[in-house]
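Asks: Just dropping this structure here.
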Amino acid sequence: MLLFISGAEIVFVFFIVLLVFGADKIPTIARTLAKGMTQVRQATNDIKSEIQKTVDSDIESPTKSLTNDFKKEVDKVKKTLQILKIQYVEIYNTRLSVIPSLRGSSTD
């Protein structure tokens, strides 16, 4: 279904082209048309790839930014919890060392 043209119509158009341009010019015309179609197809593919890259970068940029921000906040919370744990252990150990000394001094 090439532009609603039947096989007979294609043969008729080819016959007219043969009569107008001659048999020796048809290969060069065909080559020129093929090069033009190749260039159009390549330009179309380039445009599609550029659009796809733009869409992908627009989608990925906010996602990556949010992910990085989230990771940074989680790391901050982890560091804070580690510091609190260290402080808690120090306080706990200090209390344990003070309690026996209090028990020992009260029994003496």
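Asks: Cut-off 10 angstrom, C-alpha nodes, Gaussian network model of the chain. Which of LYS71, LYS85, LYS48 fluctuates the most?
Replies: LYS85
Asks: Another one. Starting from the Cα of LYS64, draw a straight line to each of the aspartates and glutamates and keep only those under 16 Å, dropping any in the same chain fewer than 8 residues away.
Replies: In chain and number order, the partners are ASP56, GLU73.
Asks: Among GLN42, GLN87, SER97, whose Cα sits farthest toward the positive end of the charge dipole of the chain (+1 at Cβ of Lys/Arg, -1 at Cβ of Asp/Glu, about the Cα centre)?
Replies: So the residue furthest toward the plus end is SER97.
Asks: While we're looking at this one, here's another question. Using a 1.4 angstrom probe with every protein chain in place, what is the largest-first accessible-area order of PHE12, PHE21, PHE4? Walk me through the intermediate numbers first.
Replies: On the way: PHE12 130, PHE21 105, PHE4 170 Å².
Of PHE12, PHE21, PHE4, the descending order of accessible area is PHE4, PHE12, PHE21.
Asks: Would you tally the net charge around LYS79, using a Cβ to Cβ cut-off of less than 14 Å, leaving LYS79 out, and scoring K and R as +1, D and E as -1?
Replies: Numbers: positive: LYS71, LYS72, LYS76, LYS78, LYS85; negative: GLU73, ASP75.
For residues surrounding LYS79, the net value is +3.
Asks: Here is a follow-up. May I ask for the angle, rounded to the nearest 10°, between helix 7-21 and the longest principal axis of the chain, with both axes built from Cα atoms and the value confined to 0 to 90°?
Replies: Approximately 70 degrees, to the nearest ten.
Asks: Out of (1) 14.0; (2) 13.3; (3) 10.1, which label holds the value of mean projected area of the Cα convex hull in nm² that was computed here?
Replies: Computing mean projected area of the Cα convex hull in nm² and matching it to (1) 14.0; (2) 13.3; (3) 10.1 gives (1).
Asks: Would you mind telling me which residue in ILE59, ILE16, ILE26 has the biggest mean-square fluctuation in a Gaussian network model of the chain, where springs connect alpha carbons within a distance under 10 angstrom?
Replies: Looking only at ILE59, ILE16, ILE26, the largest GNM fluctuation is found for ILE16.
Asks: Right, here's the next one. Express the accessible area of the chain per residue in Å², computed with a 1.4 Å probe while the remaining protein chains stay in the model. Show your work: numbers first, answer last.
Replies: Numbers: 10040 Å² over 108 residues.
Counting only protein heavy atoms, the per-residue value for the chain is 93 Å².
Asks: Probe radius 1.4 Å, ligands and nucleic acids ignored: give me the carbon and sulfur share of the accessible area of the chain as a rounded percent. It would help to have the intermediate numbers written out before the result.
Replies: Details: 6700 of 10040 Å².
Summing carbon and sulfur atoms, their accessible area is 67 percent of the total for the chain.
The values are calculated or read from the model by the stated rules, or taken from the named source; none is laboratory data. In this text the structure is predicted, and so the values were computed from the model without any measurement. Because the Cβ atoms are built from the backbone with ideal geometry, glycine has one as well, and the counts that use them run over all protein chains shown. Accessible surface is based on the protein model in full, side chains and every heavy atom, while ligands, DNA and RNA are left aside. Shrake-Rupley method; radii C 1.70, N 1.55, O 1.52, S 1.80 Å.
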